[in-house]
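The values are calculated or read from the model by the stated rules, or taken from the named source; none is laboratory data. The model shown is predicted, which means the values in this text are computed figures rather than measured ones. Ideal geometry is used to build each Cβ from the backbone, glycine not excepted, and the neighbour counts take in all protein chains shown. For accessibility, only protein heavy atoms count, side chains too; no ligands or nucleic acids. Shrake-Rupley method; radii C 1.70, N 1.55, O 1.52, S 1.80 Å.
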Amino acid sequence: MASEQTHSGNPKVDIEYRKKKSAEEMRYQIVSFSMMIFLTLVAFIAVGYGDFSAWFIVPFILLLAIVQVVFQLYYFMHMSHKGHEAPALFLYSGLLVGLITILTFMTIIWW
Amino acid sequence: MSTYAQKKGFGATVWDYLTTVDHKKIAILYLIAGGLFFVLGGLEAMFIRIQLAVPNNDFVSAGLYNEILTMHGTTMIFLAAMPLLFAFMNAIMPLQIGARDVAFPFVNALGFWLFFFGGIFLNLSWFLGGAPDAGWTSYASLSMASEGHGIDFYALGLQISGAGTLMGGINFLVTIINMRAPGMTYMRMPLFTWSTFVASALILFAFPPLTVGLFLLIFDRMFGSNFFDVANGGNTVIWEHLFWIFGHPEVYILVLPAFGIFSEIFATFSRKRLFGYSSMVFATVLIGFLGFMVWAHHMFTTGLGPIANAIFAVATMAIAVPTGIKIFNWLFTMWGGSIKFTTPMLYAVAFIPSFVGGGVTGVMLASAAADYQYHDSYFVVAHFHYVIVGGVVFGLLAATHFYWPKMFGTMLNETLGKITFWLFLIGFHLTFFIQHFLGLMGMPRRIFTFLPNQGLDAGNLISTVGAFFMAIATLILLYNIVVTSVKNEKVGNDPWEDGRTLEWAIPSPPPFYNFKQLPLVRGLDPLWIEKMEGKKTMTPAEPLGDIHMPNNSFTPFMISLGLFVAAFGALYREDYHWGVMVLIAGLGITLLSMFVRSVKDDHGFHIHKEDLLNDDDKGGKA
């Protein structure tokens with residue numbers, strides 16, 4: 001959103017402000033991108049190292065995956081920006097419904 | 001003179017409807033197709049009641065009875081009630097928020113054609129070796145043992161029509177979020193729009209579990225997998241869960257729009273604003289939310305264990321709270337109002353005690369311990385017919401009378417409408433009230449006959465008599481529709497004279513671009529606000545300008561036709577060597593149509609300002 005329409009011809013658009021915003025946005029993207037590569041490496045190491053038990057590795061990798069999804073949504077798909085309230089609401093509602101389903105299946109079908 | 005309003009021949013009209021992307025015409029398509037399936041489902045209901053009229057009856061055989069009851073339920077829920085609601089959502093919701101169409105007109109058409117071909121496919125089973133016979137719930141332990149292709153028709157047909165419904169739901173969501181007129185904030189939206197919004201969100205979350213369940217069933221039955229095959233480590237209870245995770249929200253998908261319709265009717269004919277608007281919105285959202293926490297109350301006797309049963313019982317009872325809020329708000333809307341008992345208002349008033357009846361038995365069924373007595377008895381049949389007929393069908397009939405002038409420009413005859421109402425109301429209570437007691441006396445549901453002198457004879461006969469009342473009422477409604485269409489007496493913008501919301505500010509039926517200029521919304525019930533200040537029309541929110549419109553397209557029909565053909569291929573793949581070829585050819589038609597849609601640029605067209613200026617007699621002013 002911030003990087004669009006720099007040449008809109010609208011006099012209200014402050015080019016300096018836009019540039020600063022874009023630079024800031026770029027920095028976040030690079031930081032989160034390198035974090036994501038780092039987390040992926042950590043996940044591979046956790047499995048490849050061989051000494052950890054599955055009871056540690058599985059929850060650990062799932063945790064890393066959640067962090068990755070948050071990075072993806074908030075930094076690459078701009079959910080941190082204004083105007084994404086409706087998609088966020090529906091994503092979280094869907095997540096809630098899905099988690100309740102999984103919880104029920106884990107507890108009363110495969111108990 | 002406008003160049004748009006030309007008389008068209010019959011062929012041109014058919015082609016227009018086959019290719020249309022206009023939400024008002026798609027609404028009419030949904031109304032016709034849904035009405036057709038409603039009559040089919042009604043016929044099946046009559047066969048059920050005739051068979052059960054007297055003990056030891058042999059009107060139909062046991063096997064055929066199973067097919068009829070399965071198709072009655074499946075048709076009524078998926079192919080009649082939902083499409084008829086979609087008809088009114090399509091026709092009215094964009095007008096209520098001041099939009100010129102839905103967000104994705106092409107997808108709207110695609111959704112309709114998928115539903116239509118899915119429904120036709122399912123009903124062709126009657127002619128191709130027998131209909132599905134495992135109940136509308138199609139529990140896997142039954143459906144896996146069912147011989148012939150009936151269940152395959154069920155799974156493939158619902159998969160296709162379900163995809164259409166899902167598209168429709170997403171389309172309505174995007175429309176309501178993005179296309180509201182200037183000033184139309186969320187808390188100024190009419191209740192029918194709100195309930196469309198919540199019902200669409202429920203569709204978005206509830207249909208994927210059904211899709212998954214149906215795919216597992218398709219794979220098991222047609223492609224040799226073992227998801228539900230207990231001998232190979234499968235588990236049939238998974239189907240029950242997946243089905244009810246969809247099936248319970250489905251009840252609210254049906255009833256919430258009906259609540260919305262009644263909210264509009266109560267406010268209009270009490271000539272008061274809706275009592276407790278914000279609590280109505282809150283209750284609608286809360287019912288939608290809780291609707292996902294309660295599905296296992298359909299499975300109390302499956303053996304989930306006392307803790308699971310208790311949790312789902314309490315969650316279910318909680319839904320009575322927001323529903324009660326709504327009932328009281330409707331009563332308080334009428335309180336002190338200047339009430340006009342038109343046909344829609346009669347339905348609305350009769351809906352309150354009828355639906356509360358269904359709600360009370362719902363709370364009874366929700367207490368898990370008592371449910372062991374009621375389960376699979378006619379008590380349950382009585383309960384859900386009170387909810388679905390007393391809530392949804394009353395809502396649909398009310399909406400037919402209420403919105404008919406807006407959709408077709410003519411008023412249905414009020415006298416005939418009132419006759420329909422009284423016959424239907426009496427018939428409905430006659431049919432289903434006695435079934436509570438039949439159930440309590442031990443009559444199981446889904447049985448094809450019963451023995452004499454067990455205390456069930458009189459009750460079943462009364463129930464059948466009631467069904468004939470409802471059938472006659474429906475015939476009078478159809479007669480009313482024919483007479484009204486033949487007379488063709490056109491009405492103005494606001495034929496009920498007390499319209500409160502935006503749809504009554506534009507001509508009936510609206511011009512194809514709906515609003516010449518988008519209206520400025522200054523509060524809840526925007527037209528009423530303008531009327532109170534002595535104005536007859538809305539204040540425009542924009543200068544008159546070119547309007548961008550989408551082109552008609554035949555592609556939605558072709559995409560759906562391809563899947564219809566492919567379904568036959570999947571069905572007959574193991575019987576005939578040509579099955580695989582048909583499957584591939586059908587998918588080919590679909591993919592090719594999608595490819596054409598993707599590469600062909602279609603920018604639509606503009607209605608120019610000059611044409612709109614000359615179009616004064618057609619109104620359409622904001």
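Values for this structure:
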{"read-out": "Single residue of the stretch B:594-622 satisfying the filter (surrounded by 12 or more Cβ atoms within 10 Å (Cβ to Cβ) and among the basic types (Lys, Arg)) that is modelled with the highest pLDDT", "value": "B:ARG597"}
{"read-out": "Residue under evaluation B:LEU217, criteria (1) buried (at least 23 other Cβ atoms within 10 Å of the Cβ); (2) within 14 Å of another protein chain (Cβ to nearest Cβ), criterion not met", "value": "(2)"}
{"read-out": "Close pairs (8 angstrom Cβ cut-off, 6 or more residues apart or separate chains): polar (S, T, N, Q) in the stretch B:364-381, outside any helix (DSSP H, G or I) and open to solvent by less than 20 Å² (accessible area, probe 1.4 Å) anywhere", "value": "B:SER377/B:MET443"}
{"read-out": "Residue count for the stretch B:253-277, restricted to those that are under 14 Å from B:THR323 (Cα atoms) and among the small types (Gly, Ala, Ser)", "value": "4"}
{"read-out": "Residue list for the stretch B:434-450, restricted to those being in contact (Cβ under 8 Å) with a residue 60 or more places away in the chain and hydrophobic (A, V, I, L, M, F, W, C)", "value": "B:LEU438, B:LEU440, B:MET443, B:PHE448, B:PHE450"}
{"read-out": "Members of the stretch A:77-95 found to be of a type outside the set (Asp, Glu) and either touching a Phe, Trp or Tyr at 6+ places or on another chain (Cβ under 8 Å) or open to solvent by 80 Å² or more (accessible area, probe 1.4 Å) (or both), listed by number", "value": "A:MET77, A:SER80, A:LYS82, A:LEU89, A:LEU91, A:TYR92, A:SER93, A:GLY94, A:LEU95"}
{"read-out": "Residue satisfying all of: in the stretch B:228-242; surrounded by 18 or more Cβ atoms within 10 Å (Cβ to Cβ) and of a type in the set (A, V, I, L, M); farthest from the other protein chains (Cβ to nearest Cβ) among these", "value": "B:LEU242"}
{"read-out": "All positions within the stretch A:62-102 that are among the β-branched types (Val, Ile, Thr) and away from chain B (no Cβ under 14 Å)", "value": "A:ILE66, A:VAL67, A:VAL69, A:VAL70"}
{"read-out": "Filter pass, A:PHE105 being within 14 Å of another protein chain (Cβ to nearest Cβ) and either over 30 Å from B:PHE300 (Cβ atoms) or not in a loop (DSSP other than H, G, I, E, B) (or both)", "value": "yes"}
{"read-out": "Residue in the stretch B:185-199 that is away from chain A (no Cβ under 14 Å), closer than 21 Å to B:PHE292 by Cα, out of contact with any Cys (no Cβ under 8 Å at 6 or more places or on another chain) and open to solvent by 10 Å² or more (accessible area, probe 1.4 Å) present", "value": "yes"}
{"read-out": "Of all residues making up the stretch B:551-593, the number that are over 26 Å from the mean Cα position of the chain (by Cα), open to solvent by 50 Å² or more (accessible area, probe 1.4 Å) and of a type outside the set (Ser, Thr, Tyr)", "value": "14"}
{"read-out": "Residue count, the stretch B:332-341 (criterion: open to solvent by less than 70 Å² (accessible area, probe 1.4 Å) and either of a type in the set (A, V, I, L, M, F, W, C) or within 14 Å of B:ILE265 (Cβ to Cβ) (or both))", "value": "5"}
{"read-out": "Qualifying residue in the stretch B:243-262 (condition: open to solvent by 40 Å² or more (accessible area, probe 1.4 Å) and within 13 Å of chain A (Cβ to nearest Cβ))", "value": "no"}
{"read-out": "Matching residues in the stretch B:465-523 - criterion: being assigned to a helix (DSSP H, G or I) and hydroxyl-bearing (Ser, Thr, Tyr)", "value": "B:THR474, B:TYR479, B:THR484, B:SER485"}
{"read-out": "Answer from B:THR301, B:THR268 - the residue that is crowded, with 23+ Cβ neighbours inside 10 Å, assigned to a helix (DSSP H, G or I) and not basic (Lys, Arg)", "value": "B:THR268"}
{"read-out": "Those residues of the stretch B:210-243 which are of a type in the set (Phe, Trp, Tyr), under 22 Å from B:ILE77 (Cα atoms) and in contact (Cβ under 8 Å) with a residue 60 or more places away in the chain, in sequence order", "value": "B:TRP239, B:PHE243"}
{"read-out": "Qualifying residue in the stretch B:516-525 (condition: charged (D, E, K, R), touching a residue at least 12 places away in the same chain (Cβ under 8 Å) and over 25 Å from B:HIS606 (Cα atoms))", "value": "yes"}
{"read-out": "Per-region count, the stretch B:12-56, residues touching a residue at least 60 places away in the same chain (Cβ under 8 Å) and among the β-branched types (Val, Ile, Thr)", "value": "8"}
{"read-out": "Identity of the residue in the stretch B:273-284, under 17 Å from B:PRO526 (Cα atoms) and crowded, with 20+ Cβ neighbours inside 10 Å, that ends up nearest to the other protein chains (Cβ to nearest Cβ)", "value": "B:TYR277"}
{"read-out": "Qualifying residue in the stretch A:18-29 (condition: more than 22 Å from B:LEU204 (Cα to Cα), aliphatic (A, V, I, L, M) and more than 14 Å from chain B (Cβ to nearest Cβ))", "value": "yes"}
{"read-out": "Test: B:ALA458 is open to solvent by less than 60 Å² (accessible area, probe 1.4 Å) and either in a helix (DSSP H, G or I) or under 22 Å from B:TYR386 (Cβ atoms) (or both)", "value": "no"}
{"read-out": "Selected residue (criterion: farthest from the chain's Cα centre (by Cα)) from residues of the stretch B:409-453 that are in a loop (DSSP other than H, G, I, E, B) and among the aliphatic types (A, V, I, L, M)", "value": "B:LEU451"}
{"read-out": "One residue from B:MET167, B:MET89 being under 25 Å from B:VAL198 (Cβ atoms) and crowded, with 24+ Cβ neighbours inside 10 Å", "value": "B:MET89"}
{"read-out": "Complete set of residues in the stretch B:180-218 that are outside any helix (DSSP H, G or I) and under 21 Å from B:GLU264 (Cα atoms)", "value": "B:ARG180, B:ALA181, B:GLY183, B:MET184, B:THR185, B:MET189, B:PRO190"}
{"read-out": "Scope the stretch B:129-139; condition more than 22 Å from the chain's Cα centre (by Cα) and either more than 8 Å from B:HIS149 (Cα to Cα) or surrounded by 24 or more Cβ atoms within 10 Å (Cβ to Cβ) (or both); matching residues", "value": "B:ALA131, B:ASP133, B:ALA134, B:TYR139"}
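Quick grid of which residues meet (1) out of contact with any Phe, Trp or Tyr (no Cβ under 6 Å at 6 or more places or on another chain); (2) farther than 20 Å from B:PHE312 by Cα:
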residue	(1), (2)
B:PRO344	no, yes
B:VAL349	yes, yes
B:SER354	yes, yes
B:GLY358	no, no
B:MET364	yes, no
B:ALA369	yes, no
B:TYR372	yes, no
B:HIS375	yes, no
B:HIS383	yes, no
